[in-house]
1. Could you list, in sequence order, all residues of region 460-472 that are farther than 14 Å from residue 251 by Cα and within 11 Å of the ligand (Cβ to nearest atom)?
2. Kindly evaluate residue 184 against the criterion of being closer than 17 Å to residue 14 by Cβ and more than 7 Å from the ligand (Cβ to nearest atom).
3. Are there any pairs with C-beta distances below 6 angstrom linking a residue in region 328-352 that is modelled with pLDDT of 95 or more to a residue that is aromatic (Phe, Trp, Tyr) and within 16 Å of the ligand (Cβ to nearest atom), with the two at least 6 apart or on different chains, and if so which?
4. Could you run through region 423-457 and say how many residues are over 24 Å from residue 159 (Cβ atoms) and in contact with a strand residue (DSSP E or B) (Cβ under 8 Å, 6 or more places away or on another chain)?
5. Among the residues of region 124-132, are any of a type outside the set (Gly, Ala, Ser) and buried (at least 20 other Cβ atoms within 10 Å of the Cβ)?
6. What are the residues in region 242-270 that are aliphatic (A, V, I, L, M) and free of Cβ contacts under 8 Å to residues at least 40 places away in the same chain, if any?
7. If I go through region 148-174 residue by residue, how many of them are of a type in the set (A, V, I, L, M), more than 15 Å from residue 251 (Cβ to Cβ) and within 15 Å of the ligand (Cβ to nearest atom)?
8. Could you list, in sequence order, all residues of region 388-413 that are in a strand (DSSP E or B) and within 22 Å of residue 265 (Cα to Cα)?
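The values are calculated or read from the model by the stated rules, or taken from the named source; none is laboratory data. Just so you know, these numbers come straight off a predicted model, no measurement behind them. In this analysis, Cβ positions are derived from the backbone assuming ideal geometry, glycine residues included, and neighbour counts consider all displayed protein chains.
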Amino acid sequence: MRQVQNFIDGQFTGSASGRRFDKVAPVDGTVIASIAEAGAAEVDAAVLAARAALKGEWGRLGTDQRCDLLHGVADEITRRFDDFVAAEMADTGQPHHVMTHAFIPRGAANFKVFADVVKNVPTESFVLPTPDGAGALNYGLRRPKGVIAVIAPWNAPFLLMTWKVGPALACGNAVVVKPSEETPLTTTLLGEVMNKVGIPKGVFNVIHGFGPGSAGEFLTRHSGVDAITFTGETGTGTAIMKAAAEGIRDVSFELGGKNAGIVFADADFDKAVDGIFRSAFLNTGQVCLGTERVYVQRPIFDRFVAALKARVEGVTFGRPETRGVDYGPLISAEHKQKVLSYYKKAVDEGATLVTGGGVPEMPAELAGGHWVQPTIWTGLPETASVVREEIFGPCCHIRPFDTETEVIALANANDYGLSTTIWTTNLACAHRMAAAIEVGIVWVNSWFLRDLRTAFGGSKMSGIGREGGVHSLEFYTETSNVCIKL
Ligand code: NAD
């Protein structure tokens, strides 16, 4: 069985305590790896190694040299593309094409794009008039923030981790990464890439483990950490924010969502069905930007529900590497129980079950996997738990609406504010809607179409701050203003 180690100061190491935990394959429930759990001693060693790296060769590199190295990281990921695809498929059970078209190439792109952003974004400068007429020149200087703790989730592990590590390193920081206990493989593999490319030791460190009382908590509470960037559940964000308050450390939070998809009667029908299908069911619904609340304008409501049902009933379950498979399992037995509890709640609360609602019949060799049926409901009030709470599963509730004003109110009546996808051919309506919906990311006639130079993040309970392009530089650097009297 694969033995997965921590990666500290350029070395793969176990843990002084000898503690290990099992990684289970979501597709069939078998144990596929044994993971070293970092204790306080390993977390401490990783943070110290990162601090030392900042004072060493890494800290002395010019921006160009640093960014060239990061281009090298991206190239090496691409060279080892198949290894990353295999590791991520083993960890998540998600289909091959999702890995090859999105999750792994975008992981590599995160190093290239942010290296280029750092080189090309200027700092501000102002000339200040002074009474003597000579004036003063102000300009901004960006410095790395220091040691960044990166706490990552399991749903798109490589993409979401590199989305933070790429800009953090491009800005000259050193990182200690705690991948999710559910998906340790690709982050560990990245350690091999860092060594191969010649990233100085201590710049990139990986510690494995859980949250409370384990590596996650030890890392976020460590006084040697200067800032914490976190993607995960809103409740975990609350715990991490408390830890960050000690020592006044900065945080960037990408949290949960309960995103609305809105389809107007004038939308291109087939594209809207396809878009909502992807947004609700890609990655078995385990996408923070996913759509669990769908609002469809009344004239096309029945036709839309029928078309989405047909799409959902056409998905092919199976092992990720099998050709033609486009639907995978949930990440864990625990998550499966959570999703199934919502399936039951929906029925208890009076939903009309359009399709799904249970566990699919799988062949014996996959019966131990974490499979659930993709599910659609209609007929629930907005107060129902499956309409209000993030389920993070392959399911959505569809409700009819009549007017723009009505659907804006429906979409906004939620504690989360991450993203929305709007389908219409009326440009004026699209602009009005985009301005009125209280979210960080609005997609019109698209979903999950990302330009990494743009702002990404959530409002309300979906997060704090923005990353992407220049916004990432704001988080991963400290700006000093230099004022020179002329
Ligand atoms: P999670 O919050 O359970 O775990 C995320 C990470 O935090 C894991 O590495 C975990 O070990 C760690 N952790 C847990 N408790 C901790 C603690 N007390 N201190 C420090 N670390 C701790 O989230 P998850 O279940 O892995 O991911 C799913 C969630 O992530 C969903 O809510 C989803 O919406 C959200 N998400 C948000 C975005 C976004 O961009 N907004 C993207 C992806 C996922």
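1. 461, 468
2. Yes; evaluated as a whole, the condition is true for this residue.
3. 331/154
4. Summing the residues that are over 24 Å from residue 159 (Cβ atoms) and in contact with a strand residue (DSSP E or B) (Cβ under 8 Å, 6 or more places away or on another chain) in region 423-457 gives 7.
5. No, the conditions are met nowhere in region 124-132.
6. Of everything in region 242-270, those that are aliphatic (A, V, I, L, M) and free of Cβ contacts under 8 Å to residues at least 40 places away in the same chain turn out to be 243, 244, 245, 248, 265.
7. Residues flagged as of a type in the set (A, V, I, L, M), more than 15 Å from residue 251 (Cβ to Cβ) and within 15 Å of the ligand (Cβ to nearest atom) within region 148-174 amount to 5.
8. 396, 397, 398, 399, 400, 401
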